[in-house]
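K.L.:
Below: one structure in structure tokens.
The values are calculated or read from the model by the stated rules, or taken from the named source; none is laboratory data. Because the structure is a prediction, the values reported are computed rather than measured. For neighbour counting, all protein chains shown are included, and Cβ atoms are generated from backbone atoms with ideal geometry for every residue, glycine included.
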Amino acid sequence: MLKYKFKVISITMRKSSYFILWPEYFDKRLSRKMGRRVPLSIAVSRPTVSEIAEAAKALGYKVILQEEKSYPKCWYENRGRVLVDRGDKKKSEIIREISLFLSEKRSKSK
């Protein structure tokens, strides 16, 4: 009879302290299937990572900007991503706050 010896390794899953926000979450041109996470009424056209980062900073979140990353569904476009500190809120709440800020800012600039 064969006996196998396995080395038991303790793996602890560390919960990241940041949410990842992609510009596709806020893009009015995309469908929900393609990655948009907000209603069309508060979505904006072609948001940039710098706009999203500025909005998150203005709302009081800690932000890390990564411009060289690609959204998995659109791997051929390097639009970047924004890491936002989790805090006490859900990701969906943070996305909605940022989207409202972006849509208000764009409507004022017109």
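K.L.:
Looking at the range 70-105, which of its residues are modelled with pLDDT of 90 or more and of a type in the set (Lys, Arg)?
P.N.:
Arg81, Lys89, Lys90, Lys91, Arg96, Lys105
K.L.:
For the range 58-110, what are the residues that are of a type in the set (Asp, Glu) and without any contact (Cβ under 8 Å) to a residue 24 or more places away in the chain? Steps first, please.
P.N.:
In the first step, residues of the range 58-110 are kept if they are of a type in the set (Asp, Glu); the result is 67-68, 77, 85, 88, 93, 97, 104.
Across the range 58-110, the qualifying residues are Glu67, Glu68, Glu77, Asp88, Glu93, Glu104.
K.L.:
So, one more: Just to be sure I understand, how many residues within the range 13-26 are more than 17 Å from Glu97 (Cβ to Cβ) and outside any loop (DSSP other than H, G, I, E, B)? Don't jump to the end; show me each part of the working.
P.N.:
So in the range 13-26, the residues more than 17 Å from Glu97 (Cβ to Cβ) come out as 13-17, 24.
Within this subset, residues satisfying the condition of being outside any loop (DSSP other than H, G, I, E, B) are 24.
The total comes to 1.
K.L.:
What are the residues in the range 80-95 that are charged (D, E, K, R) and either within 20 Å of Gln66 (Cα to Cα) or within 11 Å of the chain's Cα centre (by Cα) (or both), if any?
P.N.:
First, pick out the residues of the range 80-95 that are charged (D, E, K, R): 81, 85-86, 88-91, 93.
Answer for the range 80-95, where residues must be charged (D, E, K, R) and either within 20 Å of Gln66 (Cα to Cα) or within 11 Å of the chain's Cα centre (by Cα) (or both): Arg81, Asp85, Arg86, Lys91.
K.L.:
When you go through Gly60, Gly35 one by one, which is the residue that is of a type outside the set (S, T, N, Q), out of contact with any Asp or Glu (no Cβ under 7 Å at 6 or more places or on another chain), more than 12 Å from Ile20 (Cα to Cα) and in a loop (DSSP other than H, G, I, E, B)? Don't jump to the end; show me each part of the working.
P.N.:
Details: Gly35 fails: out of contact with any Asp or Glu (no Cβ under 7 Å at 6 or more places or on another chain).
Criteria check complete, one pass: Gly60.
K.L.:
Same structure, new question: Determine if the range 49-57 includes at least one residue that is without any contact (Cβ under 8 Å) to a residue 24 or more places away in the chain and either in a loop (DSSP other than H, G, I, E, B) or surrounded by fewer than 12 Cβ atoms within 10 Å (Cβ to Cβ) (or both).
P.N.:
Going residue by residue through the range 49-57, those that are without any contact (Cβ under 8 Å) to a residue 24 or more places away in the chain are 50, 54, 57.
The next check asks that each one be either in a loop (DSSP other than H, G, I, E, B) or surrounded by fewer than 12 Cβ atoms within 10 Å (Cβ to Cβ) (or both); those that pass are none.
There is no residue in the range 49-57 that is without any contact (Cβ under 8 Å) to a residue 24 or more places away in the chain and either in a loop (DSSP other than H, G, I, E, B) or surrounded by fewer than 12 Cβ atoms within 10 Å (Cβ to Cβ) (or both).
K.L.:
Within the range 38-47, track down each residue that is surrounded by 13 or more Cβ atoms within 10 Å (Cβ to Cβ) and part of a loop (DSSP other than H, G, I, E, B). Let's see the steps before the verdict.
P.N.:
Step one: filter the range 38-47 for residues surrounded by 13 or more Cβ atoms within 10 Å (Cβ to Cβ), giving 38, 42-44, 47.
Passing the criteria: Val38, Ile42, Ala43, Pro47.
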